[in-house]
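To start, the structure under review is shown below, and the notes come after it.
The values are calculated or read from the model by the stated rules, or taken from the named source; none is laboratory data. Here the structure is a predicted model, which means the values were calculated and not measured. So basically every Cβ, Gly included, is an ideal-geometry build from the backbone, and we count neighbours across all protein chains shown.
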Amino acid sequence: MRRTPSRRLFAAVLLVASVLTPMTAVSATAATPTATVDPVAADRHDHDECPSGGLGHDLTARLDKAVADVRRQAGIPGVTVGLWMPGKGCYVRSTGVADKATGAPMSPDMYLRIGSETKTFTVTALLQLVDDGRIRLDDPIDRYVHGVPNGRRITLRHLAEMRSGLFPYSSDPDFVHDLLSDPTRSFTPDELLAYGFKHRNTSAPGKVFVYNNSNLVLLGLVIEKVTGHHVADVIDRRVLRPADLDHTLFPDGPNVREFPEPHPRGYTNQTLSGEVVDSTDWNPSWAWSAGAMISNLHDLHRWAKIVATGTLLSPETQKQRLKTLPTGFPGLGYGLGIFDSGGWIGHNGSIPGYESVTVYLPSRKATLVVLLNTDITSGGQEPSSLVARAVTEIVTPDNVYDRPVPTS
């Protein structure tokens, strides 16, 4: 049997239910290229302490083995892991291939699509407008965007915390068919929302957590309405530049297909046939302010701490952002465009061909970034989650990053 793609598709389908059946996994080569970097050089971008000895020989060896085991078992072509633990050292390693056809190795300097990690940037821009006094989190969405089902009762806060009750456009069968029939086509935000708005709402606002890209597309439209500028430009000017993220971008408009070099090829089985294909050049417009962005290891290293500690926001607004609510999954809370998983604060991302995790552990001032070039699940689990869990089980056993297994 082939997996039905319609229930899982879209930038970090973080907790959206999946229908999964066995698929042909991406095979791992017996001899896998490994790219290592000098720990000091790897960390120089953020000027953090990173002793030349890394995390020590024994711990490094354990991490190497754990990542290799997951990569082999899950059929991950290539993966980059960055772990920074001030006072102890760091671990930066790329293993496997960036291109299955040529065998070119994965490298720590590569750009990757980061899927729903985009949400952390979009919500940061939104919260800056809250700090500016231009919007309020408890404003109804219909003050800014007309035609939203129950829009008089759904607030910006409901949207950011995934409790709007709206139907997710990415769960609409017509949308999935239209995208997978032509992955190079462009979608407008209004087109995306229309797929979801034709369905009845799933619940009353504020009642039930349902991970939903429609929410973040709406917040992108709010940012544009209030500022008078494209959301990509607002994020660039107000978030990326102040954060000194020179290798992070939001491809949009005529540059929507932009993908800087170097980047790995991406592999997905989210196709109409269920076959594995190269999705590197798919058009990310369907994900827009919910999941279209691109970044690299060292920018995400820097961003993890900024987003978790609220560098770009007022203390009061950051406090509201970090107020996580139960999701229905043990150990996982979701705040305003951010989650807490085992004490690790941040977000993950999944878009056809690529996955990522960028999280920060305040109690240890530790940062973990995982980047890989497939989104093909293994045993019902996103491969990035498997890598992040294996790493944190070793380095922070009291704080294990754990993503739940979708149940339906």
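The table below gives the values:
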{"quantity": "Total residues in the stretch 330-368, condition charged (D, E, K, R) and closer than 17 Å to Ala390 by Cβ", "calculated": "1"}
{"quantity": "Matching helices (runs of 4 or more DSSP H) fully within the stretch 272-330 where at least 1 residues are in contact with a Ser or Thr (Cβ under 7 Å, 6 or more places away or on another chain), in contact (Cβ under 8 Å) with a residue 40 or more places away in the chain and under 22 Å from Ser171 (Cβ atoms)", "calculated": "288-291"}
{"quantity": "Residue among Gly78, Gly103, Gly115 that is at pLDDT 95 or above, at positive phi and crowded, with 18+ Cβ neighbours inside 10 Å", "calculated": "Gly115"}
{"quantity": "Failed condition for Leu361, given (1) touching a helix residue (DSSP H, G or I) at 6+ places or on another chain (Cβ under 7 Å); (2) under 20 Å from Thr60 (Cα atoms)", "calculated": "(1)"}
{"quantity": "Close pairs (7 angstrom Cβ cut-off, 6 or more residues apart or separate chains): more than 15 Å from Val370 (Cβ to Cβ) in the stretch 93-117, at pLDDT below 95 and part of a loop (DSSP other than H, G, I, E, B) anywhere", "calculated": "Val97/Thr29; Val97/Pro33; Pro105/Pro33"}
{"quantity": "Evaluation of Thr80 against (1) within 19 Å of Gly206 (Cα to Cα); (2) in a strand (DSSP E or B) (one fails), failing number", "calculated": "(1)"}
{"quantity": "Qualifying positions in the stretch 177-206 - more than 23 Å from Leu127 (Cβ to Cβ), without any contact (Cβ under 8 Å) to a residue 60 or more places away in the chain and either in contact with a strand residue (DSSP E or B) (Cβ under 6 Å, 6 or more places away or on another chain) or not polar (S, T, N, Q) (or both)", "calculated": "Asp178, Asp182, Asp190, Glu191, Ala194, Tyr195, Gly196, Phe197, Lys198, His199, Arg200, Ala204"}
{"quantity": "Output for the stretch 127-169, where each listed residue is more than 17 Å from Gly206 (Cβ to Cβ) and either small (Gly, Ala, Ser) or modelled with pLDDT under 95 (or both)", "calculated": "Gly133, Gly147"}
{"quantity": "Residue within the stretch 199-213 that is in contact with a helix residue (DSSP H, G or I) (Cβ under 8 Å, 6 or more places away or on another chain) and assigned to a helix (DSSP H, G or I) present", "calculated": "yes"}
{"quantity": "Hits in the stretch 340-392 (condition: of a type in the set (Gly, Ala, Ser), more than 12 Å from the chain's Cα centre (by Cα) and at positive phi)", "calculated": "Gly342, Gly343, Gly353, Gly379, Gly380"}
{"quantity": "Per-region count, the stretch 82-111, residues within 22 Å of Ser279 (Cα to Cα) and among the hydrophobic types (A, V, I, L, M, F, W, C)", "calculated": "6"}
{"quantity": "Members of the stretch 221-237 that are within 17 Å of Gly147 (Cβ to Cβ) and touching a Leu at 6+ places or on another chain (Cβ under 9 Å)", "calculated": "Leu221, Val222"}
{"quantity": "Criterion: outside any loop (DSSP other than H, G, I, E, B), at pLDDT below 50 and either under 18 Å from Ser279 (Cα atoms) or of a type in the set (Gly, Ala, Ser) (or both) - qualifying residue of Ala28, Ala42", "calculated": "Ala42"}
{"quantity": "Near pairs, Cβ below 7 angstrom, 6+ apart or cross-chain, from the stretch 127-153 (assigned to a strand (DSSP E or B)) to any residue that is at pLDDT 95 or above and surrounded by 15 or more Cβ atoms within 10 Å (Cβ to Cβ)", "calculated": "Pro140/Gly151; Pro140/Arg153; Pro140/Ile154; Pro140/Thr155"}
